[in-house]
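**Q** Below is a structure I'd like to ask you about.
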Amino acid sequence: MEARRRYRQLLTSGFAAAAVVGLLGCNGGDSSSDDNGPIPLTVPKAACGSGDKPETDLQGQVSAAARAAGFKGYSCNLQLVGQSKGDGGSWQHAFFADKAGHKCNYYDTASFTANRSHLGVVAIDATNAANPVPTAYLETTAMLDPWESLKVNERRQMLGAVNALNGNGGPEIELYDLSGDCRFPQLMGSISVGTGSNAWAPDEFKAAVRGHEGNFAPDGLTYYAANLGSGYIYPIDISNPTKPKMLTQYFTAPGRVHGLNISDDGNRAYVAIRGAGAANTERTSVPGSPPNNGLLILDTSEIQSRKANPQLKVVSTLVWDDGGGAQHTIQVLINGKPYVIHADEAGSGGNSSAGWTAACAAGLPAWQFARIIDLSDETKPTVVSKLMLEAYDPKNCDKVIPDLAGLASFTYGAHYCSVDNRLNATTLACGYFNSGIRVFDIRNPQRPKEIAYYNPASTTVSSPGSNHLRTGGWVAGGPDWCTAQIRLDAATGTLQTMCQDNGFLALKFTNGVWPFPESTTPAGLQN
């Protein structure tokens, strides 16, 4: 018990995870409330059924040998039922079901134009999951490359994004009406914000408006855009979707804003602050300096109430050394208790060969994962578990680094996660670089466990709309980048998502592993 108390103190204070690794792990076990016995460092692996194609090496690993042979894919309690590859995809996936019962999915594509059949955001009719069909291509300014800002708001029945061309686009926000036929979104406006009469403050207080990430407030009256490059949030009033107006700008510290999630009442923002070190790498901080990667909780009540000259105020900050490139957050209730799920985008040393080697040498995880953070006291958020895979355990570095020869930037690690129901979360599904789509039982948030995974087979011809197509990225025969949010459907026991080389995927759970009896997937409550 004393070791566990010290472990929790280290997590709360954000001290180096090297000490944490030496104490206890944070994951595993079943979904009961039993907290007896040691907690393993990595999430217990899924038990696969007959007919599956389970991983042959470490959990989450695609070995050098499997890559060299042309990766054939792995599956465990998930099977492919439908696919629409198209030109491949980029970073994000959103979804909506209209009043006529059409199940629509939307994913962005890269800004590359060479050898393309279509540009922009793809609308998919997945009403028949076995036969998903593209129905529209949104080629307006922001939709040509919304990067990670592509989101749906259920209450207002809108699809929205900001211009995030190559991760750092211009001042436009675009909103599409989904209330009619979601297969054919209708543009309501493409508006530049933060310029001219739409400016919120004198010029000396403004930074150039640039898009990267963003999210709706649940009531659909505010879109919180986020500029990772300069580290600021710019809330946009979209109460009149044809006349959006920027309300203010807020610069984040100690790290730069990446993704964010807004509470149901609109009064809190849960912000992933990406640490930056020497030369603006995704290392959490310059070695020897305080960590600056983690979670920032902001009071957004003045935005929500539309107070004049609104201010965002810090409620608390939690940072850590055993991860970097903080990506996004999801506020949830598990068994009635508040948590935030937070996913990083980089390991402890950043996304580079030198960074992986440095992290391993320090005994820190070289690749990133999601963690579950207790918000019982929002002024003192506390990490209660980490969803680390075996391949990311520092002791396995020597088995994993050889897989990545010739690669750079993103290789292993998590990116975006989704839950079944933010108000009663039982299930977490995450997309990974190279490690596929993985699903976890989080009914006991201190002891999550893996229940299923699907890592699609490699492509031998590059996908021209994929951001994986970059120097040190896509390799013929190598594993895909599954980077997007995931739609879980308890009624049909399925999920839908997008992987960058393979495009839109519809998967079905097998062997009775999901849904759980208490799992529900109400519209608008999965991310």
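The values are calculated or read from the model by the stated rules, or taken from the named source; none is laboratory data. Please read all numbers here as calculations on a predicted model, not as lab measurements. Cβ placement follows ideal geometry from the backbone for every residue including glycine, while neighbour counts extend to all protein chains displayed.
**Q** Can you pull out the helices (runs of 4 or more DSSP H) entirely within the range 1-96 that have at least 2 residues that are modelled with pLDDT of 95 or more and either closer than 30 Å to G211 by Cβ or hydrophobic (A, V, I, L, M, F, W, C) (or both)?
**A** Filter on the range 1-96 gives 64-68.
**Q** Oh, and also: Could you tell me which residue of the range 304-323 is surrounded by the most Cβ atoms within 10 Å (Cβ to Cβ), considering only residues that are closer than 15 Å to S263 by Cβ and not aliphatic (A, V, I, L, M)?
**A** Residue satisfying both the conditions and the ranking: Q304.
**Q** Quick test for you: out of A366, A361, A391, pick the one residue that is farther than 16 Å from G259 by Cβ, small (G, A, S) and more than 20 Å from the chain's Cα centre (by Cα). So that I can check it myself, show each step before the final result.
**A** Values: A366 fails: more than 20 Å from the chain's Cα centre (by Cα); A391 fails: more than 20 Å from the chain's Cα centre (by Cα).
After ruling out the rest, the residue left standing is A361.
**Q** Further, regarding this structure: Kindly indicate which of V461, V513 is farther than 21 Å from H328 by Cβ and touching a strand residue (DSSP E or B) at 6+ places or on another chain (Cβ under 7 Å).
**A** Numbers: V461 fails: touching a strand residue (DSSP E or B) at 6+ places or on another chain (Cβ under 7 Å).
None of the other options fit; the residue is V513.
**Q** Kindly indicate whether T520 is out of contact with any Lys or Arg (no Cβ under 8 Å at 6 or more places or on another chain), surrounded by 21 or more Cβ atoms within 10 Å (Cβ to Cβ), in contact (Cβ under 8 Å) with a residue 60 or more places away in the chain and not hydrophobic (A, V, I, L, M, F, W, C).
**A** It is false that T520 is out of contact with any Lys or Arg (no Cβ under 8 Å at 6 or more places or on another chain), surrounded by 21 or more Cβ atoms within 10 Å (Cβ to Cβ), in contact (Cβ under 8 Å) with a residue 60 or more places away in the chain and not hydrophobic (A, V, I, L, M, F, W, C).
**Q** For the range 229-249, what are the residues that are among the hydroxyl-bearing types (S, T, Y) and surrounded by fewer than 24 Cβ atoms within 10 Å (Cβ to Cβ)? Write out each step before concluding.
**A** Filtering the range 229-249 for residues among the hydroxyl-bearing types (S, T, Y) gives 230, 232, 234, 239, 242, 248.
Residues satisfying the conditions are S230, Y232, S239, T242, T248.
**Q** Can I ask one more? Do you know which of the residues in the range 318-330 that are touching a Pro at 6+ places or on another chain (Cβ under 7 Å) and in a strand (DSSP E or B) is farthest from Q368 (Cα to Cα)?
**A** My answer is L318.
**Q** Sticking with this structure for a sec: Given the residues V419, V439, V400, V383, which is the only one that is in contact with a helix residue (DSSP H, G or I) (Cβ under 6 Å, 6 or more places away or on another chain) and within 24 Å of Q526 (Cα to Cα)?
**A** V383
**Q** Grab the strands (runs of 3 or more DSSP E) fully contained in the range 115-202, keeping just those with 2 or more residues being without any contact (Cβ under 8 Å) to a residue 24 or more places away in the chain.
**A** 186-192
**Q** In a strand (DSSP E or B), of a type outside the set (F, W, Y) and within 23 Å of Q331 (Cα to Cα) - does that describe any residue in the range 468-488?
**A** Yes.
**Q** For the condition of a type in the set (D, E) and either within 21 Å of A523 (Cβ to Cβ) or at pLDDT below 95 (or both), what is the one hit in E154, E148, E139?
**A** E154
**Q** Are any of the residues in the range 184-204 in contact with a Phe, Trp or Tyr (Cβ under 9 Å, 6 or more places away or on another chain) and under 20 Å from S301 (Cβ atoms)?
**A** Checking the range 184-204: at least one residue is in contact with a Phe, Trp or Tyr (Cβ under 9 Å, 6 or more places away or on another chain) and under 20 Å from S301 (Cβ atoms).
**Q** Step by step: first the residues of the range 197-228, then only those that are of a type in the set (D, E, K, R) and modelled with pLDDT of 95 or more, then the one that is surrounded by the most Cβ atoms within 10 Å (Cβ to Cβ). Which residue is that?
**A** Checking each candidate, the answer is E213.
**Q** Let me ask another. Tell me, which residue of the range 324-376 that is within 17 Å of R274 (Cα to Cα) and charged (D, E, K, R) is surrounded by the fewest Cβ atoms within 10 Å (Cβ to Cβ)?
**A** Only one residue fits best here, namely E345.
**Q** Here is a follow-up. I'd like to verify a number: residues in the range 97-114 that are among the hydroxyl-bearing types (S, T, Y) and either in a strand (DSSP E or B) or closer than 22 Å to P515 by Cβ (or both), how many?
**A** 2
**Q** Condition first: at pLDDT below 95, farther than 25 Å from A346 by Cα and of a type outside the set (S, T, N, Q). Can you find one or more residues in the range 502-523 that meet it? Please lay out each step first, then the result.
**A** First pass over the range 502-523, keeping only residues at pLDDT below 95: 523.
Narrowing further to those that are farther than 25 Å from A346 by Cα: 523.
Remaining after also requiring of a type outside the set (S, T, N, Q): 523.
Checking the range 502-523: at least one residue is at pLDDT below 95, farther than 25 Å from A346 by Cα and of a type outside the set (S, T, N, Q).
**Q** With (1) under 21 Å from the mean Cα position of the chain (by Cα); (2) modelled with pLDDT of 95 or more as the list, and N267 as the residue in question, which single condition is left unmet?
**A** Among (1) under 21 Å from the mean Cα position of the chain (by Cα); (2) modelled with pLDDT of 95 or more, the lone unmet condition for N267 is (1).
**Q** I would also like to ask the following. Could you please find all residues in the range 87-123 being crowded, with 17+ Cβ neighbours inside 10 Å and small (G, A, S)?
**A** G88, G89, S90, A94, A97, A110, S111, G120, A123
**Q** Pull out all pairs, ordered by first then second residue, where Cβ-Cβ is under 7 Å, the residues are six or more apart or on different chains, the first lies in the range 497-512 and is over 14 Å from Y432 (Cβ atoms), and the second is among the aromatic types (F, W, Y) and crowded, with 24+ Cβ neighbours inside 10 Å.
**A** What qualifies is F504/Y107; L507/Y454.
**Q** To continue, here is another question. Just name the residue that is surrounded by the most Cβ atoms within 10 Å (Cβ to Cβ) out of those in the range 274-303 that are modelled with pLDDT of 95 or more and of a type in the set (D, E).
**A** Selected residue: E302.
**Q** Additional query: Look at the range 172-196 and say how many of its residues are crowded, with 19+ Cβ neighbours inside 10 Å, at pLDDT 95 or above and of a type outside the set (A, V, I, L, M, F, W, C).
**A** So the count comes out to 5.
**Q** Conditions first: (1) at pLDDT 95 or above; (2) more than 22 Å from T222 (Cβ to Cβ). V340 passes all but one, so which condition is the exception?
**A** So the condition that V340 fails would be (2).
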